[in-house]
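Written out below as structure tokens is the structure these notes cover.
The values are calculated or read from the model by the stated rules, or taken from the named source; none is laboratory data. It should be emphasised that the depicted structure is a prediction, and the values quoted were computed from it without experimental measurement. Heads up, the Cβs are rebuilt from the backbone with ideal geometry, glycines too, and the neighbour counts pull from every protein chain shown.
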Amino acid sequence: MSGGSKSDDCVTANGMVYIPEVRNEETPAVGMKFDSLDLVYNFYNRYAFVAGFGIRLHSSFWGKNKKEILRKEFVCCKQGAYRKDETRERKRQQGISRCNCKAKIVVVKTHGSKKYTISLFAEGHNHKMTASERVHLLRSHRRISDSTKVLTKQLGSVNIPIHQKSFKIEGDGEDRFSRCFWADATSRRAYGFYGDVVVFDTTFNTNRYDLTFAPILGVNNHGQTIVLACTFLSKKTTESFIWMFEEFKKVMPGGEPKTIITDQDAAMTRAISIAFPITFHRLCIWHITSKFPVKLPHSAYNEYWREFHKAIWDTDNKDEFDAKWNIVVTKADLTDHQWLSSMFDLRESWVAAYARYFFATGMSSSQRAKGSHAFFKQYISRRNSLMDFIIRFERALSHQRQKELAADHVDAFEVAQCILPMPMNKQMATLYTRTMFQKFEKELIQSTACFLEIKIEDASKVVFNRWKKTAKVGLVSDANGNEIKDCADPGLLIKRSTMSRLGSDVVEDALMCEEGCELVSETLKSLRVKLKLLKDGPSNNEVG
């Protein structure tokens, strides 16, 4: 592009130079003139937003009178590098974002001139650009104007467009609302990546009609809870659960999950065995252990609970659990206790020594669902009507997904710091998300006190793709082979984002005075007429 330079300093270790693809009229060029440094910043930042990187102010050269800046640099936010001693002093949770990128523009004001002129434009970067859906998370693009803050406070709700939504609603024999199921494209696509383990919870009554809100939850590659589907049920019967699970299988790519975690419920257990015949049904261990003080005689619980707890949590294999359980049951004289006998018969579904052979993303209970209750209660309450609930729930869902997007941004923008300077540890820092890498490194440190007995050559068996930064890379298709997309065409999104940004800047400038508002309003009306003529085609543009 004109005026741009591609310095050798911007070549990456693998020989790559990244040049943003931006229209010429939005790209800086040597010789461009601006009335102020603020205008320079806004122009370069607008270019950076479209390109996919952030900027910051850098060095300045002042005139002799120290009253005006004669030379100013605006650099990529990844410019510079941390010193080794500085890196060690930084908090470990904060990754390293700078990689000595040389992309920048330099403006100068010559003697007698009132304008700043671009004297240097280095457009090459030594790092990949940030994806369009995450670029707003970069520091230079986070600024919110005062007028936008006021407008945000005035908006009571947000209209969130949902693409490719799957929705099913049914009534009873008297045409009253009975149950409904829904899942949008983002949730369905997420299931394609993280649908191996799900949690189903039916303990959340959230509206004035006493309907049970039953979300199906999963865990993403950051270890965050995500909503995969939602259901409203008027009755918690086997038939209702079967209907819900069958609807779930119809719309989700890949069919039934490998593992489902629920509370202990007879109707739900029967439904899962029918609808998900090959799924491992794991019962919530917390839900079962919380019943011990209620089911056991008071004296037996006080005297033997610690031994029961050790048998449940501190056994490494099935035989060890069986032996310890039988010992404590015999000591407590509870061999004929009906509830304990039934729990022992179900031990493969809830005891850690048995269930550990089935992958469960580190979960042993439905407490993750209980934790989501606290999150949703920030947005919804039992006073909400059904429509109010849906609006508020979608707002909560949007907030949850924004957190996931922020975590994606951190992984794409920063490199995790390693405590152990081992090649394997450094390799995992590039593969795993930050959350999962920190867990891995903690176990790696603990493993230094162990001896290696088994060597696994196949890395795919020990490095799960679902925990990688690239877990969401790939296509997800429905039963008909159609791709499930999060949103519209990325090219259209970039154009929309660019025009929205420009329009927002125009509105902000116009709000400074009444004349500005009138000018923009009249110009937009004229523009709409021209766009309509353009849309209708050349045959309608002829003037007689």
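Details
- Just one of (1) at pLDDT 90 or above; (2) part of a loop (DSSP other than H, G, I, E, B) fails for Leu39. It is (2).
- Segment 51-71, residues that are buried (at least 20 other Cβ atoms within 10 Å of the Cβ) and either out of contact with any Pro (no Cβ under 7 Å at 6 or more places or on another chain) or not in a loop (DSSP other than H, G, I, E, B) (or both): Ala51, Phe53, Gly54, Ile55
- For segment 314-332, the candidate set comprises residues that are part of a loop (DSSP other than H, G, I, E, B) and touching a residue at least 12 places away in the same chain (Cβ under 8 Å); within that set, the residue that is surrounded by the fewest Cβ atoms within 10 Å (Cβ to Cβ) is Asp316.
- All conditions in (1) in a helix (DSSP H, G or I); (2) out of contact with any Lys or Arg (no Cβ under 6 Å at 6 or more places or on another chain) hold for Ala311, with the sole exception of (2).
- Scanning segment 100-128 for residues that are crowded, with 17+ Cβ neighbours inside 10 Å and not in a strand (DSSP E or B) turns up Cys101, Lys102, Ala103, Lys109, Glu123, Gly124, Asn126, His127.
- Hey, Ile272 at pLDDT 90 or above and part of a helix (DSSP H, G or I) or not: yes
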